[in-house]
Every structure is written in C-alpha cells, then in structure tokens.
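> Shown below is the structure under consideration.
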Amino acid sequence: MQIRRRPPNPAIEVDILRYQVPDPNGEANHILEEIVWHKEKEVERMRESLSLLELRKQERNAPPAKDFLGAISQGKPNPLNCRGKKSLSF
C-alpha cells in the first residue's frame, strides 16, 4: 500500500483568492491517506501559530519522557486490546 504524503492538487492561496486545479487523482485512495493529509494541514497551522524558537523553549521546560518500553515489558500478563473505528470526522 502506498500513502501519498500530500494531495496532488493542493489549494493555492494568494491574498484573498484561493484556487485549485482539478486532478483526477485528487481524492484520497484510502482512510490512511485522508488521515495523513489532514495531519499535514494541522501541522502547517501549528507552524504558523508557534515559532520554532518557542517550541524549543517549551521542549527544554518539558518534563522528561517516560519509559514506555520499560512500562509495557513489566506490565500485567494480559496485554491491552485496542480497537478503533473506521469513520473519521474532520
């Protein structure tokens, strides 16, 4: 399965104008592609609202990361069973 990182025909915004060239392959092929494309938009909005310097400052002040592998290797013998729904709402 191939996942395209970005749509082949992104919308272009110039001042107050927004346009997009139609492309027959412009629709996502599967749900994972929709998720990746949506996350790309989220990351772009976050980059616009928070500078890299501010993000690095937050990183320095953040608590240390927890040991995930250590926690699951010493955990209970019955593993966690996680299931997700197939539907998305953006």
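> Could you work out the helix-only [θ] at 222 nm for the chain, with each DSSP H run of four or more residues adding -39,500 (n - 2.57) and the total divided by the number of residues, to the nearest 500 deg cm²/dmol? Working shown, then result.
Values: 3 runs with 35 residues, N = 90.
Calculated at 222 nm, the ellipticity per residue is -12000 deg cm²/dmol.
> How far is helix 52-61 tilted, in degrees, relative to the longest principal axis of the Cα atoms in the chain, given as a value from 0 to 90 rounded to the nearest 10?
Approximately 10 degrees, to the nearest 10.
> Find me the longest stretch of the chain that has none of the exposed trypsin sites (Lys or Arg not before Pro), where exposed means in a DSSP loop (not H, G, I, E or B) with at most 15 other Cβ atoms within 10 Å. Let's see the in-between values first.
Values: sites that count: Arg4, Arg5, Lys66, Arg83, Lys85, Lys86.
By the stated rule (loop sites, at most 15 other Cβ atoms within 10 Å), 6-65.
> Tell me, His38, His30 in order of fewest to most beta-carbon neighbours within 10 Å? Could the numbers behind the result be given before it?
Numbers: His38 13, His30 10.
Fewest to most other Cβ atoms nearby, the residues stand as His30, His38.
> Would you be so kind as to identify which of Ala65, Ala28, Val43 lies farthest towards the positive end of the dipole of the chain, taking Lys and Arg as +1 and Asp and Glu as -1 on Cβ and the Cα centre as origin?
Positive-end residue among those listed: Ala65.
> Calculate, axis by axis, the spread of Cα positions in the chain along the three principal axes, and write the results as whole Å, longest axis first.
For the chain, the Cα spread along each principal axis is 54, 36, 22 Å.
Rule-based calculations on the coordinates, nothing more; no lab input. These numbers come from a predicted model, not from an experiment. Cβ coordinates were reconstructed from backbone atoms using ideal geometry, including for glycine residues, and neighbour counts include every protein chain displayed.
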